[in-house]
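Taken together, the values in this text are just the output of simple stated rules run on the coordinates, not laboratory data. Quantities reported herein were computed from a predicted structural model and do not represent experimental measurements. Every residue, glycine as well, gets a Cβ built from its backbone with ideal geometry; the counts of neighbours run over all protein chains shown.
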């Protein structure tokens with residue numbers, strides 16, 4: 001959760017408003033009521049078993065490619081870490 005606060009501050013300092021729909025109280029409450037075996041199954045390969053419920057929903061909504069992508073941390077998913085690293089190298 002500390003990382004979330006840090007990311008929020010960095011984002012806000014750049015004049016952007018961040019949104020975290022999966023941290024909404026009603027979403028968290030609902031997901032806490034769903035059995036773990038419906039949310040994930042690590043017997044499936046990577047890109048399917050983790051975040052299973054979310055992947056099934058994405059597939060049902062027609063987001064077939066996105067449903068099969070492996071999960072990434074926020075800084076890697078947005079590619080911001082790569083951009084920041086390249087800036088640091090060019091500044092040196």
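Label zone (residue 24, point 7 Å along Cα-to-C-beta; backbone nitrogen cut-off 14 Å) within segment 51-66: none.
Within segment 3-64, the ratio Rg/Rh, alpha carbon atoms throughout and Rh by Kirkwood, equals 1.09.
Which FRET efficiency value, to the nearest 0.05, is calculated for residue 16 and residue 57 with the Förster distance at 30 angstrom and r the Cβ-Cβ distance? Could the numbers behind the result be given before it?
On the way: r = 26 Å, r/R0 = 0.88.
Once rounded, the FRET efficiency stands at 0.70.
Where does each of 39, 51 land when they are ranked from fewest to most other beta-carbon atoms within 10 angstrom?
Details: 39 13, 51 17.
Ordered by Cβ neighbours within 10 Å, fewest first: 39, 51.
Our summary gives segment 11-57 a relative contact order of 21 percent, counting only alpha carbon pairs under 8 angstrom and 6 or more residues apart.
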